[in-house]
Amino acid sequence: MENYIVEMLNITKEFPGIIANDDITLKLKKGEIHALLGENGAGKSTLMSVLFGLYQAEKGIIKMNGKEVKINNPNDANALGIGMVHQHFKLVEVFTVLENIILGVEPNKMGFLQESEAKEKVLYLSEKYGLKVNPDALIEDISVGMQQRVEILKMLYRDNEILIFDEPTAVLTPQEIKELLKIMKDLANEGKSILFITHKLNEIMEVSDRCTVLRKGKYMGTVDVKDTTKEELSRMMVGRDITFTVEKEEAKPKDVVLSIKNMTVASKIHKNNAIRDVSFDVRAGEIVCLAGIDGNGQTEFVHALTGLEKLVSGSIKLCGKDISRSSIRQRSMGGMSHIPEDRHKHGLVLDYTLEENLVLQRYWQKQFQNNGFIKFGEVRKYAEDLIERFDIRSGQGPETITRSMSGGNQQKAIIAREIDKEHELLVAVQPTRGLDVGAIEYIHKQLVDRRDAGKAVLLISLELDEVMNVSDRILVIYEGEIVGELNPKETNVQELGLYMSGAKRNTSKEIKNEG
Amino acid sequence: MKDKKGAPRKTKFDIKKITQLQGYSSFTSALMAIVLGLIFGFMVMLFANPGSALAGFRFVVLGGLGRIGDVFYFATPILMTGLAVGFAFKMGLFNIGASGQYTMGLYFALYVAFMWQLPNGIHWMVAILAGMVGGMIWGFIPGFFKAFLNVNEVITSIMFNYIGMYLVDMWIQSNATIYVSSTTRTRYVPMSAQIPSLGISGSNVNFGIVIGILIAIILYIVLQKTTFGYELKATGFNKHASEYAGMKGKKNIVLAMAISGGLAGLGGAFLILAPSGIVGSSMTYEPINIIAANGFNGIAVSLLGHSHPLGIIFSAVFISHIQRGGTLTSLVGYKPEIIDVVIAVIIYFSAFAMIMKSSAGKFIKSKFGKKENKENKVAKEAE
């Protein structure tokens with residue numbers, strides 16, 4: 001018999017009306033990285049909540065090292081050496097890294113904090129596992145990636161043996177993801193057992209030893225990752241074939257829709273300009289992708305393009321009209337649709353209902369208002385139509401409070417709103433961030449549809465796969481400048497990576513802004 | 001057995017319906033705050049004077065009923081300041097300057113009442129409108145600072161409370177038509193400028209409360225049904241998203257603050273233009289450099305009413321009701337200030353609204369509708 005550190009046997013967790021976990025078995029070997037894969041709502045979180053003591057299962061038992069255990073609350077879980085890095089970090093922003101790590105288990109002598117002792121242990125751990133942190137920095141001052149390392153150190157400081165990572169890469173940049181995956185491997189090599197919740201197949205293929213797949217609360221099986229493929233995993237997860245390559249015909253670019261000339265945008269963080277002298281065109285019927293590593297000016301570029309920020313110099317023309325100084329609404333009426341980077345901050349009023357959000361860009365139009373009074377009947381009809389056409393799923397239809405919807409469906413709502421609005425240019429900023437493969441496939445299809453409908457699409461993305469698959473033309477942005485124009489058919493990920501990291505530049509005629 | 005199984009399901013369904021109503025959790029939490037406040041007040045009374053605690057408590061709870069006219073009369077100004085605070089809050093602005101706007105409105109109304117000669121039927125209306133304008137100006141300025149200079153509205157409006165109060169006191173004291181220096185109070189407002197009485201004997205209740213309630217209903221309609229209300233609430237919920245959607249945030253901030261100020265100004269006008277039960281006399285104002293309490297009571301009223309215009313009608317009437325009852329407790333030997341203690345506790349609990357809102361609602365849900373509660377939760381997760 002193999003040596004399992006945790007066995008969750010035949011777990012059934014029922015909520016009235018829904019079986020969240022139906023007879024699920026998950027066995028974690030010591031020292032392995034075990035991925036838990038499933039779409040949003042497949043029951044991954046419920047299963048982990050059972051293990052972490054937040055829920056009690058109706059049926060099934062949990063064994064640790066072969067002995068049955070009862071986990072009634074998170075404290076029990078901690079005592080058994082189970083630790084969890086939540087998707088949304090549980091850190092005290094105004095405390096230092098060290099204070100956060102020792103929070104709740106502060107070493108003390110007669111009530112006096114022994115900080116140096118704690119610091120020693122933290123530094124030792126941080127060295128041992130390559131978790132670079134500055135113990136004296138405040139949480140609010142450090143990057144998301146470092147905050148996550150603090151969460152990991154928290155578990156290690158408590159000598160946890162079983163580490164649960166709940167979608168840890170959703171908030172990280174590509175480099176940080178790479179670093180995290182390496183840390184996870186190191187931890188496993190040191191004998192820690194890791195449960196890795198995710199829906200990113202690439203990451204599973206890269207680090208996990210085995211993978212358990214859930215679909216709609218049911219157990220689909222556990223596979224050895226080295227014996228399987230991405231395609232097979234996604235079929236198990238979604239229940240149908242997923243195409244990773246986006247199917248599309250040759251682009252037929254027509255007239256110039258968006259023309260940017262010598263755009264310069266100030267930075268909010270440093271004195272230099274975030275965008276320097278950028279010029280390019282986007283034509284009707286093509287998808288142009290602005291690729292680059294996060295923080296190279298993409299956010300500022302999009303804000304200046306859509307009107308959230310002012311230009312320092314340069315001009316933007318949309319369908320031949322200069323919109324450099326137009327208001328956001330004028331740009332929107334002039335044919336610009338914008339799927340924003342941060343759907344919670346900009347894209348949605350989370351406390352509004354779904355129908356109210358669906359008319360967020362159009363509530364003032366004749367169709368929806370009469371002398372300043374909103375025609376709620378019309379809004380409802382329109383919302384129901386969009387919900388049907390774009391397959392937006394929610395608990396109570398148009399009346400659902402948007403906050404309660406899943407990320408994928410929130411994004412669908414934004415896409416429905418922006419695509420159904422009259423537009424000539426669609427600006428999509430990281431539209432697939434944090435979504436599962438099913439939703440990603442759907443969104444890519446919508447982008448290609450727009451292109452084929454003769455619209456111009458400007459996609460801003462950090463995901464190399466997305467850049468390569470979806471776009472007809474790639475512009476690489478590095479430190480606020482366009483450093484290369486590539487044809488996705490003639491380039492490869494390696495070359496793209498060189499441009500994105502600033503190691504290579506091209507000086508072809510189209511790009512007049514070098515230096 | 002079958003019947004038994006069937007019966008609870010029916011009640012459960014009803015409860016589910018009620019608990020899902022939007023105002024339900026606000027209502028339960030307000031109710032809970034009131035109950036806790038009253039219990040606390042009773043304990044204080046018991047502690048101070050056990051013998052008459054029960055009689056005193058009866059006055060607090062029921063005393064107002066005998067003087068219903070006065071209840072509405074005293075509810076009028078706090079209704080208006082409550083609406084002022086609540087309306088601004090819908091847009092995410094904390095208008096703590098209702099006092100200053102109220103005082104400004106009071107002065108503008110007084111000025112028109114004494115200095116302008118107008119026909120009988122319209123004098124009081126013009127005076128009321130003047131009060132509104134005065135409040136609007138005093139709300140507009142902090143709004144302007146907030147929108148265009150990014151100065152926090154809390155700070156400016158607190159300062160404007162003082163500026164407004166000192167200005168008004170100065171203006172009044174230097175105006176012999178308005179001010180009687182021997183009594184250190186303003187004169188009785190001319191008859192033509194007094195708001196018509198509602199004719200309930202022994203009380204000053206007047207047409208002001210009717211206008212106030214109408215305004216509350218109009219505000220409710222504006223917030224719920226108009227594009228302006230839609231923009232206002234969107235901005236209050238998520239400033240960034242409203243900007244992204246092209247709403248004119250700055251214009252809306254100034255507008256919301258001006259309207260809020262106008263409401264508070266109306267409160268001041270309603271107070272000072274009220275007729276008196278005694279013919280020939282009226283309300284008077286004493287300029288003694290004290291910030292008007294009715295402005296801050298507006299914050300309390302708004303909190304208890306959860307910033308909802310219709311909720312604020314009830315909370316204003318309720319607070320006025322126990323205030324009236326409170327004054328009666330002196331009949332059994334308590335200081336009327338006891339009621340301020342009760343109100344303070346109610347406000348404390350209202351301020352914990354976030355906690356109360358979930359806990360009180362959950363408590364009732366878990367007692368009666370345990371399963372539905374969980375079901376919703378699961379549905380949420382399963383999406």
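The values are calculated or read from the model by the stated rules, or taken from the named source; none is laboratory data. The structure displayed is predicted, hence computed values, not measured ones. So basically every Cβ, Gly included, is an ideal-geometry build from the backbone, and we count neighbours across all protein chains shown. Side chains included, ligands, DNA and RNA excluded: accessible areas come from the protein's heavy atoms. Shrake-Rupley method; radii C 1.70, N 1.55, O 1.52, S 1.80 Å.
Could you state, as a whole-number percent, how many of the C-alpha pairs of segment A:75-130 are farther apart than 13 Å? Numbers along the way, then the final one.
Numbers: 1077 of 1540 pairs.
Above the 13 Å cut-off, segment A:75-130 has 70 percent of its Cα pairs.
Full-extension gain between A:GLU58 and A:LYS317, please, as 0.36 nm times their residue separation minus the C-alpha to C-alpha distance. Could the numbers behind the result be given before it?
On the way: separation 259, 0.36 × 259 = 93.24 nm, distance 6.17 nm.
Between A:GLU58 and A:LYS317, full extension yields an extra 87.1 nm.
Assuming R0 = 60 Å, can you tell me the calculated FRET efficiency for the pair A:LEU498 and B:ALA176, based on Cβ-Cβ distance, to the nearest 0.05?
Working: r = 86 Å, r/R0 = 1.43.
Efficiency, rounded to the nearest 0.05: 0.10.
Rg over Rh of segment B:102-226, using C-alpha atoms and the Kirkwood radius, what does it come to? Let's see the in-between values first.
Values: Rg = 17.1 Å, Rh = 16.6 Å.
Rounded to two decimals, Rg/Rh equals 1.03.
Under 15 Å from the Cβ of A:SER116, count the other residues' Cβ atoms, weight Lys and Arg +1, Asp and Glu -1, and hand me the total.
Numbers: positive: A:LYS109, A:LYS119, A:LYS121; negative: A:GLU99, A:GLU106, A:GLU115, A:GLU117, A:GLU120, A:ASP136.
Taking every other residue near A:SER116 into account, the sum is -3.
Using θ = phi - 60° and the Karplus curve 6.51 cos²θ - 1.76 cosθ + 1.60, what whole-Hz ³J(HN,Hα) does each residue of segment B:291-305 get, with Gly and Pro shown as x?
With coefficients 6.51, -1.76 and 1.60, one gets 5, 4, 5, 4, x, 6, 4, x, 4, 4, 4, 5, 4, 5, x Hz.
Hey, got the average number of other protein chain Cβ atoms within 10 angstrom for residues in A:333-345? Before the final figure, lay out the partial values.
On the way: counts 1, 0, 0, 0, 0, 2, 0, 3, 0, 3, 1, 3, 5.
Mean shielding count: 1.
Just want to confirm a number: the relative contact order over segment A:256-500, from Cα pairs under 8 angstrom separated by 6+ residues, in percent.
Details: 465 pairs, mean separation 70.2, N = 245.
Across segment A:256-500, relative contact order equals 29 percent.
For the Cα atoms of chain A, what angle does the longest principal axis make with the long axis of helix A:144-157, in degrees from 0 to 90, nearest 10?
Helix A:144-157 sits at roughly 0 degrees to that axis.
Step through the table entries A:LYS30/A:LYS226; A:LYS254/B:LYS248; A:LYS254/A:LYS317; A:LYS29/A:LYS182; A:LYS317/A:LYS381; A:LYS200/A:LYS226, compare each Cα-Cα distance with 25 Å, and write down the pairs that go over it. Write out the running numbers ahead of the final one.
Working: A:LYS30/A:LYS226 18 Å; A:LYS254/B:LYS248 35 Å; A:LYS254/A:LYS317 16 Å; A:LYS29/A:LYS182 19 Å; A:LYS317/A:LYS381 35 Å; A:LYS200/A:LYS226 16 Å.
Exceeds cut-off: A:LYS254/B:LYS248; A:LYS317/A:LYS381.
So, by mean Cβ neighbours within 10 angstrom, what's the order for A:203-209, A:307-313 with the highest one leading? Please list the in-between numbers first.
Working: A:203-209: 19.4, A:307-313: 16.4.
Per-residue Cβ counts within 10 Å, averaged per peptide and sorted highest first, yield A:203-209, A:307-313.
May I ask you to give the average projected area over all directions of the convex hull of the Cα atoms of segment B:59-342, in nm² rounded to one decimal?
On the way: hull surface 61.0 nm².
About 15.2 nm², averaged over all directions.
Using packing as a proxy for protection, rank A:25-35, B:260-270 so that the peptide with the highest average count of other Cβ atoms within 10 Å comes first. List each step's numbers first, then the result.
Working: A:25-35: 20.2, B:260-270: 33.7.
Result, highest mean first: B:260-270, A:25-35.
Am I reading the B/A interface right? What is its buried accessible area, both sides, 1.4 Å probe, to the nearest 100 Å²? Let's see the in-between values first.
Numbers: alone 19710 and 24170 Å², together 40830 Å².
Result for this pair: about 3000 Å² buried.
Using the alpha-carbon centroid of each, what span in Å lies between segment A:300-341 and segment A:112-157?
Here the two parts' Cα centres lie 43 Å apart.
Tell me, how many Å apart are the Cα centres for segment B:45-120 and for segment A:68-87?
The distance from the Cα centre of segment B:45-120 to that of segment A:68-87 comes to 54 Å.
Taking the Cα centre of segment A:4-238 as origin and charging only Cβ (+1 Lys, Arg; -1 Asp, Glu), how large is the dipole, in debye to the nearest 20? Numbers along the way, then the final one.
Numbers: 30 positive and 35 negative charges, 130 e Å.
Computed charge dipole of segment A:4-238: roughly 620 debye.
Kindly provide log₁₀ I(q)/I(0) values, in the same order as q = 0.07, 0.10, 0.13 Å⁻¹, from the Debye equation applied to equal alpha-carbon scatterers of segment A:4-238.
Taken in order of the listed q values, log10 I(q)/I(0) reads -0.23, -0.47, -0.78.
On average, how much area does the Cα convex hull of chain A cover when viewed from any direction, in nm²? Before the final figure, lay out the partial values.
On the way: hull surface 109.6 nm².
So the Cα hull casts an average projection of 27.4 nm².
At a Förster radius of 56 Å, what calculated FRET efficiency corresponds to the Cβ-Cβ distance of B:LEU214 and A:GLU190, to the nearest 0.05? Please report the intermediate quantities before stating the final value.
Numbers: r = 72 Å, r/R0 = 1.29.
So the FRET efficiency works out to roughly 0.20.
Determine ³J(HN,Hα), in whole Hz, for all residues of segment A:440-446 in sequence, where each value follows from phi through the Karplus function 6.51 cos²θ - 1.76 cosθ + 1.60 and θ = phi - 60°; x replaces Gly and Pro.
Those phi angles translate into 4, 4, 4, 5, 4, 5, 5 Hz.
Per-residue Cβ counts within 10 Å, from other chains only, averaged over B:234-243: what number is that? Walk me through the intermediate numbers first.
Numbers: counts 7, 1, 2, 7, 9, 2, 8, 13, 3, 4.
Counting Cβ atoms of other protein chains within 10 Å of each residue's Cβ and averaging gives 6.
Tell me the volume per residue, in Å³, of the convex hull enclosing the alpha carbons of the protein assembly as shown.
Values: hull volume 210.7 nm³, N = 898.
Each residue corresponds to 235 Å³ of Cα convex hull volume.
At 222 nm, what value in deg cm²/dmol follows for the protein assembly as shown if DSSP H runs of at least 4 each add -39500 (n - 2.57) and the sum is divided by all its residues, to the nearest 500?
Details: 32 runs with 441 residues, N = 898.
Taking each H run of at least 4 residues, the total per residue is -16000 deg cm²/dmol.
Enumerate the calculated ³J(HN,Hα) couplings along segment A:288-293 in order (Karplus 6.51 cos²θ - 1.76 cosθ + 1.60, θ = phi - 60°), each rounded to whole Hz, writing x wherever the residue is Gly or Pro.
Whole-Hz 3J(HN,Hα) from phi for segment A:288-293: 9, 10, 9, 9, x, 6.
A:ARG325 to A:GLU93: extension gain in nm, 0.36 nm per residue of separation minus the Cα-Cα distance? Intermediate results must be reported in sequence, preceding the final value.
Numbers: separation 232, 0.36 × 232 = 83.52 nm, distance 3.81 nm.
So the extension gain works out to 79.7 nm.
How much accessible area per residue does segment B:59-342 have, in Å², with a 1.4 Å probe?
On the way: 11140 Å² over 284 residues.
Ligands and nucleic acids excluded, the result is 39 Å² per residue.
Going highest first, how would you order A:275-287, A:57-69, B:76-88, B:126-138 by mean Cβ packing within 10 Å? Could you put the intermediate results ahead of the total?
On the way: A:275-287: 21.0, A:57-69: 14.2, B:76-88: 31.9, B:126-138: 25.5.
The packing order, highest mean first, is B:76-88, B:126-138, A:275-287, A:57-69.
If you count, for every residue in B:227-233, the Cβ atoms of partner chains within 10 Å of its Cβ, what is the mean?
Working: counts 10, 3, 3, 12, 2, 0, 4.
Partner-chain Cβ atoms within 10 Å, mean over residues of B:227-233: 5.
So, in nm, how far is label A:HIS86 from label B:ARG58 when the simple model puts each one 7 Å beyond its Cα toward the Cβ?
Label at A:HIS86, label at B:ARG58, 5.2 nm between them.
Around A:ASN108, which amide H atoms from residues at least 5 apart in sequence, or from another chain, sit under 5 Å from its own amide H, with H modelled in the peptide plane?
Result for A:ASN108 returns A:GLN114.
Considering amide H positions built from the backbone, and no H for Pro or chain starts, which residues 5 or more places from A:GLN367, or on another chain, come under 5 Å of its amide H?
none
How much length, in nm to one decimal, is gained on full extension between A:ASP159 and A:ASP351, taken as 0.36 nm per residue of separation minus their Cα-Cα distance?
On the way: separation 192, 0.36 × 192 = 69.12 nm, distance 4.03 nm.
Stretched out fully, the A:ASP159 to A:ASP351 stretch lengthens by 65.1 nm.
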